[in-house]
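Presented below is the structure to which this report refers.
Each value in this text was obtained by applying a stated rule to the coordinates, not by laboratory testing. Being a predicted model, the structure only gives us computed values, none of them experimental. Heads up, the Cβs are rebuilt from the backbone with ideal geometry, glycines too, and the neighbour counts pull from every protein chain shown.
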Amino acid sequence: MIRHTKLWNRIAFVAAIWLAIVLPAACSQPAADMGAAGAAQETQAEADSLTVLDWAGYDAPEFWTQFAQTYPDVEVDYTYFEQDADALAKLQSGFRVDLVHPCSSWWGLYVDAGLVQPIDTSRLKNWPDVVPEMAKLGEFDGQQYFVPWDWGYESILVRTDKVEELPASWADLWDPAYAGRLSIPDSAEVAQVMAAVALDIPNPWQTTPEEDALIKQKLLDIKPNVLTYWTDASELSQMMASGDVWVAASVWTDTYSQLMADGVPVEYIDPAEGRLGWVCGYGISSNAQAPDLAYAYLDAILDPESIVNLSNQFFYGTSNRKAFELADPALVSLFKLDQPDVLQQTVFYQTMSAEHRQKITEMWDEVRLAP
Amino acid sequence: MRQRRWLIVLMSPLALWLGLLFLAPLATMVVFTFRAGSFGPEHDVFTLENYRTFFGNPVYGRLLLSSAWISFVASVLSILLAYPLAYYLAFQAGAHRLTLLLVIIVPAWISFLLRVFAWKLILGSGGLLNIVLMAAGLVDEPAPILLYSRSAVIVALVYSYMPFVALPIFVALQRIDRSLIEAASDLGGTGWQTFRDVILPLSMPGVAAAFFLIFIPTLGEYVTPLLLGGTDGLMFGNVIQSQFARALNWPLGSLMSLAVLLFTLALLAVFVRLTRLEDWVQG
């Protein structure tokens, strides 16, 4: 019996050592530089798999059938993230992927941290058709780091049966007529840009302390109108459909089309200051194991025939101008793609430094928590 | 001697588990509060900047107090509501006791998010309450009732946590020796006197356990205030969440989490002191 106990003691001891030393070392291995064995694996991996860190839903086969036809033996592994912050945190902690799909205001952080590599756009035959206004957002120090792929508007959505006078601008949201019936998103980023646009501040992404004070006061001023802050599109849909909320800010087109389809009388506003616009796109990770496949994948999903599915099935905009012609006419008119200067009028989210993000997060806390 | 060795062997998995999955993360969190950034070069910089931000801005302290108040009110209300329920189960329900207990617990099997969201459907403009009030001619135009406010958060918290409050009280009542109650009535005590002098004091350990069971988790809540809180019902969990999920500022988020932890511990220490909890538990 005693010998038995000793044995168990030893096992527990060994297990403790193993857990304390071997396991953390093994886990941190992928983050460190790979040795010779790793290099051998790398070439092999290049041949048969591609890893994409993406938003849920973007793995739809319609987007990459072309790639699948060209590379039938390549396995495309998708891993998902819920928020831009999650994706950045994953890459920062050494998670290995080939492609990553963040949105424009986060792109600069990837470039600064060296998480993505410059993209040789000459290797993408569809590159010349990418909308220049969006391509510009992915350019840093003269090099292209991100390829814009999907975009959309963020604008004001109104219940036309409840509101007598529709708002014509972002600044109209401060109208006391909407008291207690307005919902704005619970997002420091959106709130700050919305207030800056209403105040006619030229660059919401690089603000002076005086402008910050004006923006904060402007957001404090809108609180009597705000019924609640919305956090997710389906929550907002429910609140608009039930009639709790009559006017909502920063709503995406897919929510608008869904509410229309449900027979809710809503109108999507074209504010005087311009609609806000989100853009997301793909970057190639600095430690990509299959960069050639990553280029092939990017080019395949940029193809008009592939990317147009994003418009026709998900009601999002595409970065390829040739796809505009293939898109459903209803979407073209919703996105005003038939108007030549619509993209110049749209206020696209620019890249944001970590300090700026921290500053607006604290400002937003102060606004939300003000008595 | 032999027994002690066995004890060490048997305890070691638990100790390892606690050490690896509780103490180590807690220590990591404390270390993080002194970092200048979540990653990169700033990750290794020692700074007190987070402490300056947190203590330099009065909104965070105020929010901690108002969140504690929300949790406190929700805890007291659920105990007041759950006590008669537990009392009925323990003394009156007889053979149906188990079935009724199950009925109380079953709603807790449904997704927490769904149960919170359901309150929007009940209190909202198109909701049940509005339909009833409209039919009764009490309101002309449907409007959200109580919704998007601190009260809505309290209502939903009470609803969500009631089963967890009823259980410990029920167990405490169940354990009371029935001969004590008989003795009380033999000595001429009325029903109310028996309750006040015998049953209530004996059930206090259950009530105290119930209080902790609801106060601590509700203080960290962020889903309920997010969905129902409107502009004045936000809680401390919401600012922690935005530091982690939006701003990617793990150091400040860690400091906020640590602040809640220490604040809760301090409150509990005061509570235990004031109420002489040990006496109840031992008595």
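General observations
- The length gained by stretching the chain between A:Asp120 and A:Leu166 to full extension, at 0.36 nm per residue less their Cα-Cα distance, is 11.9 nm.
- In order through region B:249-260: 3J(HN,Hα) via Karplus (6.51 cos²θ - 1.76 cosθ + 1.60), integer Hz, x for Gly, Pro: 9, 5, x, 5, x, 5, 5, 5, 5, 4, 4, 4
- Alpha-carbon centroids, region A:196-215 and region A:264-278: separation in whole Å: 21
- FRET efficiency, 1/(1 + (r/R0)^6) with R0 30 Å, evaluated for B:Ala135 and A:Glu235 via beta carbons: 0.65
- Cβ neighbours within 10 Å from other chains - mean over A:357-367: 5
- Dipole-positive endmost among A:Gln289, A:Val279, B:Leu16 within the protein assembly as shown (Cβ charges, Cα centre): B:Leu16
- With a simple spin-label model that places each label point 7 Å from the Cα along the Cα-to-Cβ direction, the separation between B:Val59 and B:Leu146 comes to 2.9 nm.
- Loop-resident sites, region B:171-231, for trypsin sites (Lys or Arg not before Pro), counting at most 14 other Cβ within 10 Å (DSSP): B:Arg175
- Positive contributions from Lys and Arg (+1) and negative ones from Asp and Glu (-1), summed over other residues with Cβ under 12 Å from the Cβ of A:Thr346, come out at -3.
- Close amide H pairs (under 5 Å, H built 1.01 Å from N) link A:Val347 with A:Arg275, A:Leu276, A:Gly277, residues at least 5 positions away or on another chain.
- Residues whose amide H comes within less than 5 Å of that of A:Ile119, counting only those at least five positions distant or on another chain, are A:Gln144, A:Tyr145 (H built at 1.01 Å from N in the peptide plane).
- The HN-Hα couplings worked out from phi for region A:337-351 by the Karplus form 6.51 cos²θ - 1.76 cosθ + 1.60 (θ = phi - 60°) are 6, 7, 9, x, 9, 4, 6, 5, 7, 7, 8, 7, 5, 8, 5 Hz, whole numbers, x standing for Gly and Pro.
- Ascending count of other beta-carbon atoms within 10 Å, so fewest first, for A:His356, B:His43, B:His96: B:His96, B:His43, A:His356
- Computing FRET efficiency as 1/(1 + (r/R0)^6) for A:Asp112 and A:Asp175, where r is the C-beta to C-beta distance and R0 is 45 Å, gives about 0.65.
- Sorting A:Thr255, B:Thr28 by the number of Cβ atoms found within 10 Å of their own Cβ, with the fewest placed first, yields B:Thr28, A:Thr255.
- Segments A:136-145, B:120-129 sorted - mean Cβ within 10 Å per residue, highest first: B:120-129, A:136-145
- Annotation: amide H-H contacts under 5 Å for A:Trp170 (H modelled 1.01 Å from N, sequence separation of 5 or more, or interchain): A:Ala272, A:Glu273.
- With helices as the sole contributors, chain B gives -22500 deg cm²/dmol at 222 nm; each DSSP H run of n ≥ 4 counts as -39500 (n - 2.57), and the sum is divided by every residue.
- Sequence of A:Thr253, B:Thr218 once ranked by neighbouring C-beta atoms within 10 Å, starting from the fewest: A:Thr253, B:Thr218
- Sequentially through region B:25-30, phi angles give Karplus couplings (6.51, -1.76, 1.60; θ = phi - 60°) of x, 4, 5, 4, 4, 5 Hz, Gly and Pro residues having no value and appearing as x.
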